[in-house]
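The values are calculated or read from the model by the stated rules, or taken from the named source; none is laboratory data. All of these numbers come straight from a predicted model, not from anything done at the bench. Note that we place each Cβ from the backbone using ideal geometry, even for glycine, and neighbour counts take in every protein chain shown.
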Amino acid sequence: MRVRAYEVAPDGATANEDYDYEDRSQRELTMKKIPVILDTDLGTDIDDSWAIAYMLKCPELDVKLITTATGDTTYRAKLCARLLRAGGRTDVPIGIGIPLGAVKESLYDYANELDLAHYAGKVLQDGVQAMIETIMGSKKKVILISIAPTPNIARALYLEPRIAQKARFVGMQGSVRKGYNGLAGRVDEEYNVVAYAYDAARVFQAAWDMTITPVDTCGVVRLTGEKFKKVLGSKDPLTQELMKSYQRWSKGGAWEKHAKQMSSVLFDTVAIYLAFSDEWLKLERLGIRTKWGFTIEDPNAKKMSVATEWKSDGLDAFEEHLVKRLCSRYAGGYT
């Protein structure tokens, strides 16, 4: 796979130059990892959990922090801790974000099987401050991956506006030319934007460079057939934990009858992918503004990179790649 260099290009590579990580040694790869922070609302839809498992298996990424967003953010931290523990990645700190609109979620009992007081990793009570300190303290530009509504990020911008110069934003947000399920000729209010629309507007207007995958592209990712069977049958501990949580999430709901044959829509995995590559996607530089939870093309608005389409065979290639990563036996990359 060829990987986009961006601001953290290896020595001799320029921004936007292709760089083939798989042709390099593990030692050099470790030195050139891209520092990332993930802001997630895992525990509502299950795609966040898939995204976290995938992220931990990407050797291109150096995960500095995971923050939990909206709802019962302590519940979300417990789910995150379960995945990190299963993947042998308790070195990754968890920051508890701003609790907003907490309700009992479908994985509440599953999450409570883990006691954070006895968790081996670091759990930070002020996730917003942890986000600020991680960005401001980094020698490299951090990629802030957002797969949730954005109150944590908006608050961080309010407290420390300079993070916009020290970070690059990659998010799963919006509906630009197509709606959910790839429906053309309509746009939808996408949840991560409309849930806290004022905060989303603040984030979209900030001074950082932005890349987003709207539902136009991320809303059609679903593993079926042999692809799903490979993941379901994986012997990797992290992927087994992911499958266990997926089955618990679907239990008793309308999706339960499908959960043995296919994944749900894996929106958030595309944002993880865009943190290190855009090989299989068509990106356009568009002016985008938000209004009432919609993301609207406007040539006078702030310009950002928008993944508007999959390239020919790109969706299939990405899904095959996702399966390969999830079925690897190494959390954090390949040995």
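From the residues in the range 151-205 that are of a type in the set (Val, Ile, Thr) and part of a loop (DSSP other than H, G, I, E, B), which one is farthest from the chain's Cα centre (by Cα)?
That would be VAL187.
Table: residues versus (1) in contact with a strand residue (DSSP E or B) (Cβ under 6 Å, 6 or more places away or on another chain); (2) over 19 Å from PRO214 (Cα atoms); (3) not in a strand (DSSP E or B).
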site: ASP278; (1), (2), (3): yes, no, yes
site: LEU283; (1), (2), (3): yes, no, no
site: ALA307; (1), (2), (3): yes, no, no
site: ASP316; (1), (2), (3): no, no, yes
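Inspect the range 132-147 for any residue being more than 26 Å from LYS57 (Cα to Cα) and either at pLDDT below 95 or over 19 Å from the mean Cα position of the chain (by Cα) (or both) and give the result as yes or no.
No, that holds for no residue.
Which ones in the range 284-308 are surrounded by fewer than 16 Cβ atoms within 10 Å (Cβ to Cβ) and of a type outside the set (A, V, I, L, M, F, W, C)?
Result: GLU284, ARG285, GLY287, ARG289, LYS291, GLU297, ASP298, PRO299, ASN300, LYS302, LYS303.
Among (1) crowded, with 17+ Cβ neighbours inside 10 Å; (2) at pLDDT 95 or above; (3) out of contact with any strand residue (DSSP E or B) (no Cβ under 8 Å at 6 or more places or on another chain), where does GLY179 come up short?
(2)
When only residues in the range 64-81 that are touching a residue at least 60 places away in the same chain (Cβ under 8 Å) and more than 18 Å from LEU100 (Cβ to Cβ) count, which is surrounded by the fewest Cβ atoms within 10 Å (Cβ to Cβ)?
The residue in question is LYS64.
Does ILE135 satisfy the condition of being of a type in the set (A, V, I, L, M), closer than 16 Å to ARG76 by Cβ and touching a strand residue (DSSP E or B) at 6+ places or on another chain (Cβ under 7 Å)?
It is false that ILE135 is of a type in the set (A, V, I, L, M), closer than 16 Å to ARG76 by Cβ and touching a strand residue (DSSP E or B) at 6+ places or on another chain (Cβ under 7 Å).
List pairs: first residue in the range 124-145 and surrounded by fewer than 19 Cβ atoms within 10 Å (Cβ to Cβ), second residue among the aromatic types (Phe, Trp, Tyr) anywhere in the structure, Cβ distance under 9 angstrom, at least six positions apart or on different chains.
LYS141/TYR6
Take the residues of the range 264-280 that are in contact with a helix residue (DSSP H, G or I) (Cβ under 6 Å, 6 or more places away or on another chain) and touching a residue at least 60 places away in the same chain (Cβ under 8 Å): which is surrounded by the fewest Cβ atoms within 10 Å (Cβ to Cβ)?
Out of the qualifying residues, it is LEU266.
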